[in-house]
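Scroll down for the structure; my scribbles are underneath it.
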Amino acid sequence: MNTEKLKPIETEVSTTIDLSTDTFGTTSESSSASTNKLDVGLQRGLKARHIQMIALGGTIGTGLFMSSGKAISSGGPGGALVAYGIVGFLVFCMMMSLGEMAAFIPVSGSFSHYAKRFVDPSLGFMLGWIYWVNWSVGVAVELTGVAMIMEYWVKSIPSVIWSIICLVLLLSINTFSVKGYGEVEYWISLTKILTVIAFIIVGICVDTGAAGGNYIGISNFHLEGGAFPFGFLGVFNVFITAAFSFNGVEIIGITAGESENPHKTVPSAVKQVFFRIVLFYILSMLIIGLVIPYTDPNLLKGSGNIAVSPFTLVFQKAGAEWAANLMNAIILITMVSAGNSGLYSSSRTLLALAEDGSAPNLFTKVNRWGIPIYSVLATCFIGCLAFLTSLFSSGVVFNWLTALPSVAGLIVWVTISITHIRFRMGLKAQGRSLSSLPYVAPLFPFGDIFVIVIGCIVIAGQGYQTFLPPIDPKNCVSSYLSVMFCIVLYFGHKFWKRPEFVKVTEMDFETGTLKDEGLSVKEAKEVEVPKWKKILKKIFSLVA
């Protein structure tokens, strides 16, 4: 592989990264030989504000806006809160582990590369392909969703037209510059933040009677059955819904490869994940549980009908009859954002697979703007094929494909924690100090163990209901399709390539790290910011 492919353009860092399958060698000496010609590679064009907003954008989506009502109905108000709290803590532990590795070795398609580098090449192969397929199919899901949303307003135009328009828009954003992706995600994420904050404020007013209605208080927590009407199974049933809601937060690990200063921006984004989980998810679930009884049949309908989504219902209780139109618009841009993130993350993952020799070398090529154009086009092509199955088949194939994202996120999170444990084992075996890391994840190893144990329990048990009479084989296959796909990928690669597990004494902790000398040049150019601006920025960073 040509090691000049990943040469950063927009920073003063001159380190070049070689991610070939056979060796992890330092190539800083070879980079100076190419100073007389222009080399185009991935550009570190994502600024700190982009990274922080993308971290938030990965955790606020249709899972919160539409599926949160199903969580309340399935687990009760208390059960949903406990389930979202446990999964939120799991996500926070996983993000701390990923942040430690991504800040130290900021490469695109990070976690599949880390799995190969610190655990087992077959594990990296499996993780990269399951993540790529997950998000490629996710693009198709968003194309279908956009068409459904537009039909709410315009019924005279065929739905496929809206899907094509959305696909062209996503291609335009992801073809010319990574900054375009960053800007779009920044403003969409800001819109989602303001929506959730407004929802929490309005919900408090409705619950206390300040919006003009009756005082509700905590009466919905004392309905028949109490806050946990379905017991432990009720909490367990919400786990997979909560995991789907948080799906995509790990995208920060991928953006590290195109961040201007990942040593600073990645840890900053990771540290704020906990506050965002509490502020946006836990408080939103609390408001829904307080205002809407878990026995309300509309809660179950909200996952497929925006007119009765829990956010719409709360706004309408405050007298906002236009709430359905507002939430329809918010969810529309949320789906565009999800498709945008899916196309970005899957294309970078395919790029990393190609650089590791696990995909055709064609996908390593980038255009003049530093975009892996063939990886973007391949992702769009697969997404379109999946989308076409929803139009020209019985729907069974499309339903099976859309079942992948439900569990794939949990598989990725568990693998990241396994990789982090091996990463720390390698550091210790080679006598390296944690002080050499830009960010050190707290709670090690308990955080990783928590993610692995809880994640495996949910992955194994999430489809238990499909084995209850009457049993439908199609539903059984759909529930565990991601698990079966991972097993085939892992053991197929293991039997075909027969790679050995990476020994802790042979792990490479040099290749791909950005040296402090290069970063200090950029930091020296930063202009002194007034104290009042620093205070405002600190307050804003906690919220957004």
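The values are calculated or read from the model by the stated rules, or taken from the named source; none is laboratory data. These figures come from a predicted structure and were not determined experimentally. Neighbour counts are summed over all protein chains in view; Cβ atoms, including those assigned to glycine, are modelled from backbone coordinates with ideal geometry. Surface accessibility is based on the protein's heavy atoms, side chains included, excluding ligands, DNA and RNA. Shrake-Rupley method; radii C 1.70, N 1.55, O 1.52, S 1.80 Å.
Values as computed for the structure displayed
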| read-out | value |
| --- | --- |
| Rounded to the nearest 10 Å², the accessible area of residue 424 at probe 1.4 Å | 30 |
| Solvent exposure, largest accessible area first (probe 1.4 Å, DNA, RNA and ligands not counted), of 132, 187, 413 | 187, 132, 413 |
| Segment 170-228: GluC sites (Glu not before Pro) in DSSP loop, at most 16 other beta carbons within 10 Å | 224 |
| Contour excess over end-to-end distance, with Cα ends at residue 433 and residue 224 and 0.36 nm allotted per residue | 69.6 nm |
| Dimensions (Å) - segment 247-362, Cα atoms, principal axes, largest first | 55, 31, 24 |
| Share of carbon and sulfur in the accessible heavy-atom surface of segment 113-155 [1.4 Å probe, %] | 75 |
| Å² of accessible area per residue within segment 134-195, as computed with a 1.4 Å probe and no ligands counted | 42 |
| Computed lengthening from residue 425 to residue 214, 0.36 nm per intervening residue step minus Cα-Cα distance | 70.1 nm |
| Heavy-atom accessible area per residue - segment 251-301, 1.4 Å, Å² | 29 |
| Tail weight of P(r) past 19 Å, computed on alpha-carbon pairs of segment 150-226, percent | 66 |
| Whether segment 52-158 is rounded, prolate or oblate, judged on the alpha carbon gyration tensor where a/c under 1.5 counts as rounded | oblate |
| Probe 1.4 Å, all protein chains present, accessible-area order of 252, 161, largest first | 161, 252 |
| Computed accessible area, residue 169, all protein chains, 1.4 angstrom probe, square angstrom | 80 |
| For segment 138-145, 3J(HN,Hα) per residue [Karplus equation, 6.51 cos²θ - 1.76 cosθ + 1.60, θ = phi - 60°, Hz, x = Gly/Pro] | x, 4, 5, 4, 5, 4, 5, x |
| Residue 494 versus residue 467: modelled label distance in nm, points set 7 Å from Cα along the beta carbon direction | 2.2 |
| Net lengthening on full extension, residue 477/residue 201 (0.36 nm per residue, minus Cα-Cα) | 95.1 nm |
| Part-to-part distance (alpha-carbon centres) for segment 212-267 and segment 439-487, which is given in Å | 17 |
| Residue 151-residue 164 pseudo-label distance in nm [points 7 Å out on the Cα-to-Cβ vector] | 1.8 |
| Probe 1.4 Å, all protein chains present, accessible-area order of 504, 137, largest first | 504, 137 |
| Peptides ranked, highest mean first, by Cβ atoms within 10 Å: ranges 356-369, 272-285 | 272-285, 356-369 |
| Listed residue pairs exceeding 18 Å between alpha carbons, taken from 116/494; 70/155; 116/497 | 70/155 |
